[in-house]
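As structure tokens, the structure follows; a few thoughts come after it.
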Amino acid sequence: MISQTAEYALRAVVCLAEDPDGPLTTQEIALRTQVPAGYLAKVLQGLAKSGLVSSQRGPSGGFTLSRPLTEITVLDVLNAVDPLKRIRSCPLGIPSHRDHLCSLHRRLDAAMASAEESFRKTTIADLLGDSEYPTPLQG
């Protein structure tokens, strides 16, 4: 349902949330999240560009979250790197479907809308507080 890039972004944000004491380098985050460092660097750039994380250069530099955990939603993270794609018109280009989606695409879009709403309501703080499902770092 979500791309690998989006999952990597969520892993990185959860990692930063679990270690609020100071900045973490790309290498530290990569090791903890099992995400390739080169790929992770691009993901972190997207998160920084969206304002979800801050970066600091230098020997004691790295990445930190820019907002409180209760103010960052899963949807914020997804939208920063790879927004969910809703179905607005017939993906097949069928002329008779121009003004409305067929039953299949209406149902698929409804499922995406439901997922989008769930992601909008779920904060990173919620993910950390959910002991039923361990975070990638808890294994």
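Tell me, in nm to one decimal, what length is gained between Arg98 and Ser3 on full extension, where the rule is 0.36 nm per residue of separation less the Cα-Cα distance?
Details: separation 95, 0.36 × 95 = 34.20 nm, distance 2.78 nm.
Full-extension gain reported as 31.4 nm.
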* When the Karplus curve 6.51 cos²θ - 1.76 cosθ + 1.60 is applied with θ = phi - 60°, which whole-Hz ³J(HN,Hα) does each residue of region 91-107 get, with x for Gly and Pro? -> x, 8, x, 6, x, 5, 9, 4, 8, 7, 7, 5, 4, 4, 6, 5, 5
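Averaging sequence separations of C-alpha pairs under 8 Å and six or more residues apart, then dividing by the length of region 1-51, give the relative contact order as a whole percent. All intermediate terms of the calculation are to be shown ahead of the outcome.
Details: 26 pairs, mean separation 20.6, N = 51.
Relative contact order of region 1-51: 40 percent.
Beyond 25 Å, what percent of the Cα pairs of the chain remain?
Details: 3248 of 9591 pairs.
Beyond 25 Å sits 34 percent of the P(r) for the chain.
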* Asked: Among Ile72, Ile124, Ile2, Ile94, which comes first, second and so on when ranked by fewest other beta-carbon atoms within 10 Å?
  -> Ile94, Ile2, Ile72, Ile124
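With an 8 Å Cα cut-off and a minimum separation of 6 or more residues, compute the relative contact order for the chain in percent. Working shown, then result.
Values: 162 pairs, mean separation 38.4, N = 139.
The value is 28 percent.
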* Structure fact -> With Rg from the Cα atoms and Rh as the Kirkwood inverse mean 1/r over Cα pairs, region 1-63 has an Rg/Rh of 0.93
* Asked: Does anyone have the angle between helix 37-49 and the longest principal axis of the chain? Alpha-carbon axes, 0 to 90°, nearest 10?
  -> 80 degrees
* Reachable aspartates and glutamates from Lys42, criterion Cα separation under 14 angstrom, eight or more residues apart if same chain -> Glu7, Asp82
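Where a number appears in this text, it was derived from the coordinates with a stated rule and is not lab data. The shown structure was predicted, so the numbers you read here are calculated from the model rather than taken from an experiment. Cβ: placed from backbone, ideal geometry, glycine included. Neighbour counts: every protein chain shown.
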